[in-house]
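What follows is a set of notes on a single structure, which appears directly below.
Throughout, read-outs are computed from the coordinates displayed, never taken from laboratory work. Bear in mind that the values here come from a model prediction, so they are computed numbers and not experimental data. Glycine gets a Cβ as well: all are built from the backbone with ideal geometry, and neighbour counts include every protein chain shown.
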């Protein structure tokens, strides 16, 4: 029996080594394709510039090169593919935002010299840069597959494009994950959560996506389309919670970077009274607990008070002295912004947040409409509150 156990353990270790090697080889092959395509694009552009006075010269180069490469290597080298390769070089060689941000957080590179062994790095987790035999950089740092970059090139806004590139790298997104997050407008929702301040989002990228506050990870709204719930909230809070647990991996992807699942219906005891927090998570980057309560409909004073109790409990009874204050999130279909603003402390001191969720992926037009409606609603509520305060002050006099 002992020998059988040893053999199983050995086989598992060998399998892990083989799988790791295959992943590294696949990663290296993907990166080699990206850098090769970048260099092909550069040479196409330089050839075009050499004959730029001749009408249609650039397209002729593409067609002739496509014919030669297809004859030699088969499918995959059509004129459309070469146009994408040319576009890749043109856009990434002139992307000043990307150059600036990468320069601020330069990573180790892999030297691939002429016939010489380079410095070995883990290609699955580090940035890589091919160098010419003279040692000069051949291209910018790339870390994703060619298919990733084909998807990213669909984004016109360079800051938005770089945001998705960094998120895909840091979270290990597949091309399916990347397309899903783009479709769910992750960039726009984070920008909305930061008060539509793109400079704050840029600062987040400058820090290599390392969050320093809850604002860096909280979205507005959270898109929970993977739960399969109807757009109208005719389901219960318990059904919402069950669906989230059934799709916990997708929910944690939506939450953002660094989250670990802590529990469901976590009991908090005060003497002979017991309360139950719907969901608890821990964020290793922010080094704090996140307590989430699920609400169907608008947030109320009672909800805010209950969440304040949960936050105090975790701060006083659970968190360690070297950990950061607990964050409470009321995930609801109506965040009642005016009530939250008047009830809770100023934003820089806040530990409790109300965030809306959507059961479907809103279109860009729909999301923009939601933002405008919410802003108008909020401004109207603020004016009414200010008017009520002024009347109250007048009566006091």
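At full extension, residue 275 and residue 94 could sit 59.5 nm farther apart than now, given 0.36 nm per residue minus the alpha carbon distance. Each listed q (0.13 Å⁻¹) maps to a log10 I(q)/I(0) for the range 217-362, found by the Debye formula over equal Cα scatterers with no solvent: -0.56. In a fully extended conformation the segment linking residue 249 and residue 236 would gain 2.5 nm over its present Cα-Cα distance, using 0.36 nm per residue. Sorting 25-32, 265-272 by their mean Cβ neighbour count within 10 Å, with the most densely packed peptide first, gives 25-32, 265-272. Note on 80, 350: ascending count of other Cβ atoms within 10 Å places them as 80, 350, the fewest first.
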